[in-house]
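*Asks:* Take a look at this one; I'll ask things after.
The values are calculated or read from the model by the stated rules, or taken from the named source; none is laboratory data. Values in this document were obtained by computation on a predicted structure and should not be read as measured data. Glycine also receives a Cβ, built like all others from the backbone with ideal geometry; neighbour counts cover every protein chain displayed. Calculation scope for accessible area: heavy atoms of the full protein, side chains included, ligands and nucleic acids excluded. Shrake-Rupley method; radii C 1.70, N 1.55, O 1.52, S 1.80 Å.
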Amino acid sequence: MSGGFLAVDSGGSGLRVVVGAAGDDAGGGSGGLGRRASREPVRTGARGIDPGHLMAQLVPMARALTAETGVAGFDTVVVGAAGLATLGDALRAELPGALARELGARTVALAADAVTAYAGAIGPRAGAVVAAGTGLIATGTDLTRWRRADGWGHLLGDCGGGAWIGRAGLQAALRAHDGRQGGSALLLARAEERFGPVAGLPGQLYPRTDRPAVLASFAPEVAACAAGDPVAAEILRAAARHMADSAAAVCPAGGEPRVAVTGGLLKMGDPLVVPLEEELAKRLPHARRTAAEGDPLDGSVRIATALATGSLALPGDEGMLWVTTAPGGR
């Protein structure tokens, strides 16, 4: 079988890959014909995302999948990559040629992970998608251009994301420790159970290169306290307001756009989801709230099948969704 596609999701937890044929995505899922995964994130350096490291992981997985599935070559390759907008120059310069040489790719698309999250969640429709995990970014389009809000990282933004919630919870714990107003004795007890005496928190957090993940690890504790602690409940209400603000900033004003929220933060359940639904209804009364249909890998698959069939409806943008003909492809 020839004329297949290769869809890739590259993020902080590693690399996920799906191989399929153009007709595989009729239902929008990322089943494809075969899949592989690596738990090693693609490195970033002075040149941004490292195309050599990405290829070193991707090529063996792709070749193993060709043997497994019978897909002899890849007319279309879509790589969804975290950090593409700001760290993607080397990928755009080198990846199309490398994919053509190694895998015979003819059409290559590089997509920001916010775009693949969008495509996976609601497909080629006008609307807004909030991707909420450790960080937070909202992406919207009216199908003529992309808009984004937040995604500025845990020091400058990502308001309402897991690191933001965890930090707010720890701040409330420290206020209780100090005897300041607005503190939470319940969150203080949870913080000391998880991290030890809170006087040692700065030394545990500030030197860490994975500080956002450490902060986000406390977010479930905030949710667990919310039913019996008004301070914890208000932190989650504030997070919901921030998420709705970002969605409203990118959502098309006309028509009946769709709005979805995706990402691991939703696993916190009702303590976050209930106020989030209320805030979205206030901020976007004209929008149609919908459950996310899939994840970023599903989005890469959807973009790949749309390119393979000539039906891509999402707008192009160098930092968001960049499509090129690979030099030297089959």
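*Asks:* For the list (1) in contact (Cβ under 8 Å) with a residue 40 or more places away in the chain; (2) of a type outside the set (Val, Ile, Thr); (3) open to solvent by 10 Å² or more (accessible area, probe 1.4 Å), I need the number of the one condition that LEU110 fails.
*Replies:* Going through (1) in contact (Cβ under 8 Å) with a residue 40 or more places away in the chain; (2) of a type outside the set (Val, Ile, Thr); (3) open to solvent by 10 Å² or more (accessible area, probe 1.4 Å) one by one, LEU110 breaks only (3).
*Asks:* Considering region 34-55 alone, what residues qualify as being of a type in the set (A, V, I, L, M, F, W, C) and surrounded by fewer than 16 Cβ atoms within 10 Å (Cβ to Cβ)?
*Replies:* ALA37, ALA46
*Asks:* Among the residues of region 1-20 satisfying the criterion of being modelled with pLDDT under 80 and under 16 Å from THR309 (Cα atoms), which is most open to solvent (accessible area, probe 1.4 Å)?
*Replies:* Result: SER2.
*Asks:* Acidic (Asp, Glu) and open to solvent by less than 40 Å² (accessible area, probe 1.4 Å) - does that describe any residue in region 289-309?
*Replies:* Taking every residue of region 289-309 in turn, at least one turns out to be acidic (Asp, Glu) and open to solvent by less than 40 Å² (accessible area, probe 1.4 Å).
*Asks:* If you go through region 56-66 one residue at a time, do you hit one that is modelled with pLDDT of 85 or more, open to solvent by less than 70 Å² (accessible area, probe 1.4 Å), on the phi < 0 side of the Ramachandran plot and part of a strand (DSSP E or B)?
*Replies:* no
*Asks:* Going by the structure shown, is ASP24 charged (D, E, K, R) and modelled with pLDDT of 85 or more? Show your work before the answer.
*Replies:* On the way: charged (D, E, K, R): yes; modelled with pLDDT of 85 or more: no.
Considered against the rule, which asks whether it is charged (D, E, K, R) and modelled with pLDDT of 85 or more, ASP24 comes out as no.
*Asks:* Which of (1) farther than 17 Å from ASP9 by Cα; (2) open to solvent by 50 Å² or more (accessible area, probe 1.4 Å); (3) assigned to a helix (DSSP H, G or I) is the odd one out, the single condition ALA100 does not satisfy?
*Replies:* All conditions are met except number (2).
*Asks:* Kindly provide the set of residues from region 168-186 that are farther than 16 Å from MET268 by Cα and open to solvent by less than 70 Å² (accessible area, probe 1.4 Å), ordered by number. Write out each step before concluding.
*Replies:* Narrowing region 168-186 to residues farther than 16 Å from MET268 by Cα: 170-186.
Those that are farther than 16 Å from MET268 by Cα and open to solvent by less than 70 Å² (accessible area, probe 1.4 Å): LEU170, ALA172, ALA173, LEU174, ARG175, ALA176, GLY179, GLY182, GLY183, SER184.
*Asks:* Also, I was wondering about something else. Would you check if there is a residue in region 320-327 being among the small types (Gly, Ala, Ser), open to solvent by less than 50 Å² (accessible area, probe 1.4 Å) and either at pLDDT 95 or above or under 18 Å from GLY135 (Cβ atoms) (or both)?
*Replies:* no
Results for (1) open to solvent by 20 Å² or more (accessible area, probe 1.4 Å); (2) polar (S, T, N, Q); (3) touching a residue at least 12 places away in the same chain (Cβ under 8 Å); (4) under 20 Å from ALA168 (Cβ atoms), shown as yes or no for each residue.
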residue	(1), (2), (3), (4)
PHE218	no, no, yes, yes
MET243	no, no, yes, yes
ALA260	no, no, yes, no
ALA281	yes, no, no, no
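*Asks:* Please go through (1) more than 25 Å from LEU155 (Cβ to Cβ); (2) surrounded by fewer than 22 Cβ atoms within 10 Å (Cβ to Cβ); (3) touching a residue at least 24 places away in the same chain (Cβ under 8 Å) for ALA189 and return the number of the only condition it doesn't satisfy.
*Replies:* With respect to (1) more than 25 Å from LEU155 (Cβ to Cβ); (2) surrounded by fewer than 22 Cβ atoms within 10 Å (Cβ to Cβ); (3) touching a residue at least 24 places away in the same chain (Cβ under 8 Å), ALA189 is out only on (3).
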